[in-house]
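The values are calculated or read from the model by the stated rules, or taken from the named source; none is laboratory data. Keep in mind that this is a model prediction, so the values were computed, not measured. Here the Cβ positions follow ideal geometry from the backbone for every residue, glycine too, while neighbour counts run over all protein chains shown. Just the protein is used for accessible areas: all its heavy atoms, side chains included, with ligands, DNA and RNA removed. Shrake-Rupley method; radii C 1.70, N 1.55, O 1.52, S 1.80 Å.
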Amino acid sequence: MKPVTRRPSQEEEEEKLLIELGRDRLDSRPSGPTPPSAGSKTLTEHVQDYWDTKLDRERTTTEVIMYVPEGTTVPWYEEYDYADLAAKKLEEEAEKAHKEKEEKVKRLRKKWEEEEEERLRQIPVHAEPKKCPPLGLESHRVDDDQLLASSQSHQGFSAQRGRLNMQSSGDEEGVYGGAWCAEPEEKNHWFEVDARREVEFTGVIVQGRNSDTAEDFVSTFYVSFSNDSRDWTVLHDGYAEWLFYGNVDRDSPVMVQFDWPTVARYIRILPQSWNGSLCLRVEVMACQLTSSFRSENEVNPTDNLDFRHHNYKDMRQMMKVINEECPNITRIYNIGKSSAGLKMYAMEISDNPGEHQTGEPEFRYTAGLHGNEALGRELLLLLMQFMCKEYNDNNPRVRRLVAGVRIHLVPSLNPDAYELAYEMGSEMGNWGLGHWTEEGYDIFQNFPDLNSVLWGAEDRGWVPRIVPNHHIPLPENFLNGSVALETKAIINWMERTPFVLGANLQGGEKVVAYPFDMQRPPKATGTLGSRRESNHEMNEETWARMQRQNGDALRETSDDTMFRWLAMSYAHSHLTMTETQRGSCHTDDISGGQGIINRASWKPVVGSMNDFSYLHTNCFELSVFLGCDKFPHESELPLEWENNREALLSFIEQVHRGIKGIVRDMEGKPLANATISVEGIKHDVKTAAAGDYWRLLNPGEYRVTARVDGHTLQTRLCIVGYDSGATPCSFTLAKSNWDRIKQIMVLHGKRPIRLVTKAPPRAGSDISGGSVGSVDTTKTGASGRMGGNSANSHNAERLRRLRLMRLRKMHQQRLRDNLSTTTTVATTTTTSAPTTTAELETESTTSWYDSWFPVESSYTEPTPAEVLTEIQESEPTQDYTFEYKFDDY
């Protein structure tokens with residue numbers, strides 16, 4: 001059954017139409033006259049209806065749908081023409097599409113703005129720009145071919161001289177200038193650095209020219225970047241080209257940082273104004289971009305260590321942590337205080353810390369003599385960490401070092417100056433900031449000048465009779481003069497510890513320097529010149545060779561070959577020290593490709609720590625210059641540790657090279673301060689308090705002599721092989737009567753002692769108990785006895801001359817070989833009495849140099865009666881024979 005249909009009323013029809021047109025209520029129509037018929041609608045009314053419909057549609061929240069029943073009749077208004085409604089629909093759709101497009105654009109713009117805000121939030125504000133490490137101009141990680149400039153004023157002022165803290169040779173017009181200087185006639189000036197790959201440039205450090213007279217530096221400059229070195233973009237600050245302000249003096253570095261990093265390969269500095277000549281030294285700050293390709297400067301350290309700079313508080317805390325991790329092999333102590341009251345801490349690493357073990361050598365590493373040379377300080381802290389960790393991990397090499405050597409590590413000998421350099425930062429301190437102590441002393445050159453004492457005595461022939469060639473005492477009142485507190489503490493530390501080998505770590509160059517550090521002044525005798533004038537056959541080559549040999553003699557120690565070996569053991573174990581093809585830090589290669597140099601031939605100094613250690617103690621000490629950058633950035637510490645780790649360990653192992661032993665008396669008691677002499681080497685060492693000694697020697701055979709007051713000397717032949725470990729060479733000395741003889745000489749004012757005795761009885765004579773030497777004679781036998789006395793007198797005179805010649809020959813030989821022994825000069829005078837009694841008058845003279853030539857071990861000290869008997873018998877002196885003993889190996 002069909003539903004009953006009802007024709008809608010006129011109001012219902014209008015409501016339906018309004019709903020279709022977007023109007024939900026009849027009363028929402030605008031007020032006005034009744035709308036005309038469909039045929040009389042105008043275009044203006046359609047537009048008005050469009051905007052009314054659009055407005056109502058935006059206000060509509062619900063949609064009403066009405067179903068028209070079947071069979072209903074068509075309303076009267078459907079007969080109207082709705083052709084304009086199609087156009088209206090098209091306009092609405094176009095407007096809708098345009099609106100959606102605008103909304104999409106708005107959404108995209110809003111998203112971009114949010115992303116931009118997020119990116120800007122991630123970029124540091126101007127107060128804290130991004131910090132990057134130096135690219136490596138000062139440390140020479142940037143090669144010379146990576147530096148380029150628009151021009152150069154002279155040969156010695158090329159772009160390669162434009163590195164931060166570059167030092168000149170002292171000659172203002174020399175080939176080694178103290179900066180890059182541009183040609184003044186050029187109009188466009190620039191200094192270019194090629195990073196060889198794209199990096200993030202964050203800033204530059206500029207510095208003036210190193211000079212004693214000129215005040216040349218750049219005041220203002222621009223910075224530009226490029227990726228192909230052809231198209232350059234000058235850095236803008238958002239409004240114009242960014243003009244940076246540079247230096248106000250020639251020495252102080254000035255850092256300018258960019259507010260945001262710039263990614264490029266090339267960077268140029270464009271000077272705009274300058275003081276004096278246009279001269280510049282530069283360092284560039286840059287970060288490496290993340291890449292799958294590994295850079296040559298990137299190092300992944302294999303050791304889990306603390307690679308950062310430590311101030312005084314951090315250093316003390318680090319040493320404390322290491323001591324807590326390895327309490328059985330470490331000990332912390334201080335050798336003294338600085339002028340500001342800071343303690344100079346040292347760490348001992350040994351299997352028995354705090355005690356000197358007999359037969360175990362003592363070794364030292366020191367650093368921080370100059371406060372701004374921070375690399376050595378950090379390397380010693382890293383060495384402490386490394387040895388502690390490796391010892392706990394049962395590293396056999398480290399355990400062998402700990403068991404066989406007593407190692408002392410002092411990371412900072414000038415803590416006051418380091419704190420000053422640390423506050424300025426790794427790149428902002430100039431070449432001299434923190435170099436001296438707070439009182440203005442250079443600790444390395446603040447030791448007494450013992451070289452002049454030794455050389456003056458040698459020129460006068462006083463060595464070793466009056467002045468020894470070792471353990472030269474301090475000059476009188478030296479410690480009361482201009483001496484730093486740090487120097488006094490170091491001297492006391494050296495004297496109370498029997499060091500054998502050591503090295504002080506410095507910076508500013510990459511080379512190992514060995515003594516002498518002071519050059520010996522040549523004698524004003526003109527011997528070589530007169531020899532050349534007298535020898536007309538000598539060619540120029542021979543003369544030049546003699547001059548070179550004479551020059552070497554003015555700088556070499558008696559242990560020059562040993563020092564050269566020690567220096568090479570460090571330099572050749574270092575990963576880059578022998579790579580001298582690029583030259584040294586400030587000039588061409590100074591080491592001849594070996595990485596070692598004699599300090600006196602390079603930069604001679606007076607009163608150095610190395611010379612003092614060699615002449616005042618047993619310790620052989622060298623200076624290790626670790627690199628061109630005195631205060632490298634923290635990011636470079638892993639690389640420097642990898643370069644120096646093997647060299648640090650290998651140099652410690654050299655303490656076992658040579659001979660060692662103990663000097664005892666016949667009862668087995670150790671003899672302290674016994675002198676150990678090696679034939680052919682004019683430098684002796686002394687035994688420690690326990691009687692033990694160590695003598696660094698290269699492989700070979702050596703005649704070694706041990707002597708001490710109150711005992712006879714002993715000479716042995718000791719062989720040093722190529723195997724690791726020192727050769728045992730001990731001595732046992734017998735007591736002598738020389739102490740008693742010296743007492744007698746002192747009682748007589750050190751004058752010759754005349755001993756007068758009567759002639760001994762001869763065969764066929766009667767001896768009376770009351771008169772020694774008296775004989776019963778007759779007239780008939782008097783003449784025969786007088787004839788015999790004349791013959792005996794002639795033989796005695798001949799034997800006396802023979803004895804004197806042998807003594808003189810022996811003494812000259814000993815002076816040449818520097819071998820000490822004992823001589824006794826005896827003068828026998830026989831006089832014939834006019835009576836029948838013949839008396840023998842004997843004079844025994846003790847020479848003034850006898851105290852320097854004790855008797856050898858194979859000689860037994862005679863009693864006074866035996867001396868008289870020997871003189872009376874007038875037997876000739878036997879030739880000196882050495883006693884050789886070989887150790888069983």
GLY336 long-range amide H proximity, modeled H, under 5 Å: MET344
Label-to-label distance, nm, for residues given as LYS187 and SER452 (7 Å Cα→Cβ offset): 6.0 nm
Sorted peptide list for 385-398, 735-748, criterion being average Cβ within 10 angstrom, highest first: 385-398, 735-748
Listed pairs LYS488/LYS686; LYS187/LYS510; LYS488/LYS682; LYS313/LYS630; LYS130/LYS389; LYS110/LYS131 exceeding 30 Å between Cα atoms: LYS187/LYS510; LYS130/LYS389; LYS110/LYS131
Table column - 3J(HN,Hα) (Hz), the stretch 714-725, Karplus curve with 6.51, -1.76, 1.60, x for Gly and Pro: 9, 10, 9, 9, 10, 10, 9, x, 8, 6, 6, x
Distance between modelled label sites at TYR245 and ASP709, nm, 7 Å Cα→Cβ extension: 7.1 nm
ILE590, ILE443, ILE466, reordered so the largest accessible area comes first (probe 1.4 Å): ILE466, ILE590, ILE443
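Accessible area per residue for the stretch 111-237 in Å², computed with a 1.4 Å probe and the full protein assembly in place, what is it? Intermediate results must be reported in sequence, preceding the final value.
Working: 6310 Å² over 127 residues.
I get 50 Å² per residue for this part.
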Estimated FRET transfer efficiency (ILE466, GLU646; beta-carbon r; R0 35 Å; 0.05): 0.15
For THR578, residues with placed amide H under 5 Å, excluding near neighbours: none
Dipole magnitude (debye, nearest 20) for the stretch 147-288, charges at Cβ of Lys, Arg, Asp, Glu: 360 debye
ASP589-LYS742 pseudo-label distance in nm [points 7 Å out on the Cα-to-Cβ vector]: 5.3 nm
FRET efficiency for ALA94 and GLU117, using Cβ-Cβ distance with R0 set to 45 Å, rounded to 0.05: 0.85
Hz values of 3J(HN,Hα) by residue in the stretch 408-415 - Karplus curve (6.51, -1.76, 1.60), Gly and Pro given as x: 10, 10, 10, x, 8, 8, 9, x
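Quick one: accessible area per residue over the stretch 659-738, 1.4 Å probe, rounded to a whole number of Å²?
Numbers: 3180 Å² over 80 residues.
In whole numbers, the stretch 659-738 has 40 Å² accessible per residue.
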For the stretch 198-207, 3J(HN,Hα) per residue [Karplus equation, 6.51 cos²θ - 1.76 cosθ + 1.60, θ = phi - 60°, Hz, x = Gly/Pro]: 5, 9, 9, 7, 10, x, 9, 10, 10, 8
Amide proton proximity set for ALA367, modelled H, under 5 Å, gap of 5+: VAL410, SER412, LEU413, LEU505
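Given a Förster distance of 41 angstrom, what is the FRET efficiency for GLU128 paired with ASP723, based on the Cβ-Cβ distance and rounded to 0.05?
After rounding to 0.05, the efficiency reads 0.10.
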Added length on full extension, which subtracts the Cα-Cα distance from 0.36 nm per residue, GLU423 to LEU289: 45.3 nm
Dipole-positive endmost among SER226, ALA214, ALA159 within the stretch 150-234 (Cβ charges, Cα centre): SER226
